[in-house]
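Below is one structure; the comments refer to it alone.
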Amino acid sequence: MYEPYPVPDLAHEHKKFRYSNLWTFAKQDLRLLAFLFIIGGFIGLGTGYFWICILVAFAVFFSLQLRSLYLVNEWISNRPYDAPPNLDGIWGALLFNVYRAQRQERIVQAEMVGLIDRAQSSLIALTEAVILTDELHQIEWWNPAAEALLGIQPQDRGRNILTIIRQPDFFEYFNHIDDSPDGIKIQSSVFEENYVQIKLTRFGSESRLLLAYDVTRIHNLEQMRKDFVDNISHELRTPLTVLSGYIETFTDQEDLNPRWKRAFEQMQSQTRRMNALVNDLLLLSRLEGNRQIAKNQIIEMPDLMNQLFDDAQAYNVDYGHTLNLEIDSHCDLIGSDTELASAFSNLITNAIKYTPRGGTITIGWHDDGEHAYFSVEDTGIGIDPRHLPRLTERFYRVDSDRSRQTGGTGLGLAIVKHVLMQHNAWLDVESRENCGSTFKAIFPRERLYYVD
Ligand code: ADP
């Protein structure tokens, strides 16, 4: 624990100096010199050796100055933190000024160290882990919570943090901090069932501050929610299949009473909606769980675009829009074809659904060497900008009634977001109410495959 430097009480020891200008101190020396000259002069006149006595008087004065110089040098070299020797004249003034500057500096230093000590004590008291690393990524300092949460040991001082927290996700995050502004969640290396959220901040040239806190409870709750949705969707699937089978059989019967026919048709459309909902929920939970996704297939984009365009034309029969296809990129995509096809088709069906009859929908594939863009532009109802930040949330709808009428589940864009996230891609939406929207899926360079 830090002991502050004792700060000497200057005023007590050097009261007589107080604040005076240099001339005041020089006068003491001049008085002494004059005194010695007068004594020497008298003795010289009495003995007849005037100049010799004056010389002796000067030699005495000079020796006294040398003695003072010796004492000053001895103090500065050997005992700088002790009170300075008590000297008169300009040497005394010099000592006083040096001592005062030194004392001032020590007060500032003591304050600084006190402040650092307080900051350090508060970091030590934190339940969040704090680790400081230098430009070479070596651990410089950490608090006790870092030992409990991340298993940092005293012998880890000076070791590269990437050799201690060895998870690939952490390695990726450490080298690309800006890609994950909220940090990342990793499994604790101390207790396997625990999870910690890690957030890194760059400072100085390449030093980093790591903050980590326990998110096991939130993780478990999140997992419970996912499992619940997953299980309930699975459980609903079988009864729904049975119900829709029977309803379809009855609806198709020729001799069905017209009153019942309408009821059966409504039942059929509702079970279809429920089926779509259950399927979307299952897909979403699979995407969230990051399971069974092959993300390294080479997807031939011209083929996929043509297939999407054909599907769009089939879906468009009831809407009568003009559909355009624009492909001006030669690059293919690396990823999962089924997942991407489902995300792209969600964007296309939305554009068709949310555009009043007779609109224009343009489906495009472009690239600029750095990024590739899958885009769907419509001349539809558009979206008020205040809805845009929440658009990819589950069940978020701008207009619930309209969405239900069009058979939407409210999960389409959530699925799109997850599929894109798994391909390191993101969604960009531009829209103006009553003018139309453009949805763009933007893929980074590492996801592009250029055909020679
Ligand atoms: P839904 O199944 O309801 O279509 P989505 O997640 O696909 O759910 O879309 C969320 C909401 O975003 C929709 O309810 C709709 O209000 C709005 N939206 C999506 N695409 C468009 C579009 N092309 N034009 C206007 N609104 C759209």
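The values are calculated or read from the model by the stated rules, or taken from the named source; none is laboratory data. The model shown is predicted, which means the values in this text are computed figures rather than measured ones. Quick reminder, even Gly has a Cβ in these numbers, built from the backbone with ideal geometry, and neighbours come from all protein chains shown. Keep in mind that these areas ignore ligands, DNA and RNA; they rest on the heavy atoms of the full protein, side chains included. Shrake-Rupley method; radii C 1.70, N 1.55, O 1.52, S 1.80 Å.
Figures for the structure shown
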quantity: Residue among L277, L283, L323 that is in the same structural domain as A425 (by TED's automatic domain parsing) and either within 40 Å of the chain's Cα centre (by Cα) or part of a strand (DSSP E or B) (or both); calculated: L323
quantity: Inter-residue pairs, beta-carbon under 9 Å, first near the ligand (Cβ under 10 Å from one of its atoms) and in region 426-447, second open to solvent by 100 Å² or more (accessible area, probe 1.4 Å), 6+ apart; calculated: S437/E430; T438/E430; F439/E430
quantity: Lone unmet requirement of (1) within 30 Å of A425 (Cβ to Cβ); (2) open to solvent by 80 Å² or more (accessible area, probe 1.4 Å); (3) polar (S, T, N, Q) for S189; calculated: (1)
quantity: Contacts under 6 angstrom Cβ, first residue in region 395-415 being at positive phi and open to solvent by less than 20 Å² (accessible area, probe 1.4 Å), partner near the ligand (Cβ under 6 Å from one of its atoms) and modelled with pLDDT of 75 or more, 6 or more apart; calculated: G410/R397
quantity: Test: residue in region 356-366 that is under 17 Å from A441 (Cβ atoms), in contact with a Pro (Cβ under 9 Å, 6 or more places away or on another chain) and modelled with pLDDT of 95 or more; calculated: yes
quantity: Output for region 113-135, where each listed residue is acidic (D, E) and either more than 16 Å from L200 (Cβ to Cβ) or touching a Lys or Arg at 6+ places or on another chain (Cβ under 7 Å) (or both); calculated: D117
quantity: Qualifying residues in region 341-355 (those that are under 14 Å from S375 (Cβ atoms) and hydrophobic (A, V, I, L, M, F, W, C)) - the one nearest to the chain's Cα centre (by Cα); calculated: A343
quantity: Verdict on H418 being at pLDDT below 95, more than 8 Å from the ligand (Cβ to nearest atom) and open to solvent by less than 40 Å² (accessible area, probe 1.4 Å); calculated: yes
